[in-house]
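The values are calculated or read from the model by the stated rules, or taken from the named source; none is laboratory data. Model, not experiment: these values are computed from the prediction. Reconstructed Cβ throughout: ideal geometry from the backbone, glycine too, with neighbour counts over all protein chains shown.
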Amino acid sequence: MVIVGITGTHGAGKGTITKYLTREHGFAYFSVSQFLAAEVERKGLTANRNARAELANEYRSKGPTALMEAVYRTIDPTLPRVVLEPQYTTDEVRFIHLKGGIVIAVNASLETRYARVQKRGGLKDAISFEEFKAFQEREMGSSNSNQQNLASAMAEADIQLQNNGTVEELEQALESELTKRNLI
């Protein structure tokens, strides 16, 4: 099984990458966010960004890879290609590596990302620029290894993509990187 993990900042293009991989290369898609949303809703709570982040950290308090392990258990091992996103800690990136996979990190400027999430208009995206920026700062680093530390997760990734341009430019850069590594 080929496993590709995706990490990156909110609104940078993680979803665009997963859609491309599923559409163009037949990857099966597994979303940590959807997994967490379903768990939060089972508890009778609103599956907003903060509730999902709290639940993710609750999983991580059980062990540094507990969240990835829970999602990974939902994957059919006979699938030839899998994309799993996102990874928010170094240990989650390393979990993908231990499974023989690679991890792609995607980033874009704060202003570009905020404009993208506002355009999407989803429940988790209904926040002010100041809230978006504050949430981003919380996600980027924590001294607690059981909490999100996006900066370290992105630093551990095998492929780094900057996405301040068009969807087509991101897809071309992705295709080039995957071809270099014989993943497609």
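Go through G11, G5 for me and flag whichever is part of a loop (DSSP other than H, G, I, E, B), in contact with a helix residue (DSSP H, G or I) (Cβ under 7 Å, 6 or more places away or on another chain) and crowded, with 16+ Cβ neighbours inside 10 Å.
Values: G5 fails: part of a loop (DSSP other than H, G, I, E, B).
Answer to the selection: G11.
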| field | So Q172, is it in contact (Cβ under 8 Å) with a residue 60 or more places away in the chain, in a helix (DSSP H, G or I), out of contact with any Phe, Trp or Tyr (no Cβ under 7 Å at 6 or more places or on another chain) and surrounded by fewer than 17 Cβ atoms within 10 Å (Cβ to Cβ) | value | no
Counted residues in the stretch 54-93 being among the small types (G, A, S), touching a residue at least 60 places away in the same chain (Cβ under 8 Å) and surrounded by fewer than 18 Cβ atoms within 10 Å (Cβ to Cβ) come to 1
Counting only residues that are of a type in the set (A, V, I, L, M, F, W, C), without any contact (Cβ under 8 Å) to a residue 24 or more places away in the chain and assigned to a loop (DSSP other than H, G, I, E, B), the stretch 40-53 contains a total of 1
A careful count of residues in the stretch 63-72 that are in a loop (DSSP other than H, G, I, E, B) and either more than 15 Å from F35 (Cβ to Cβ) or modelled with pLDDT of 95 or more (or both) gives 2
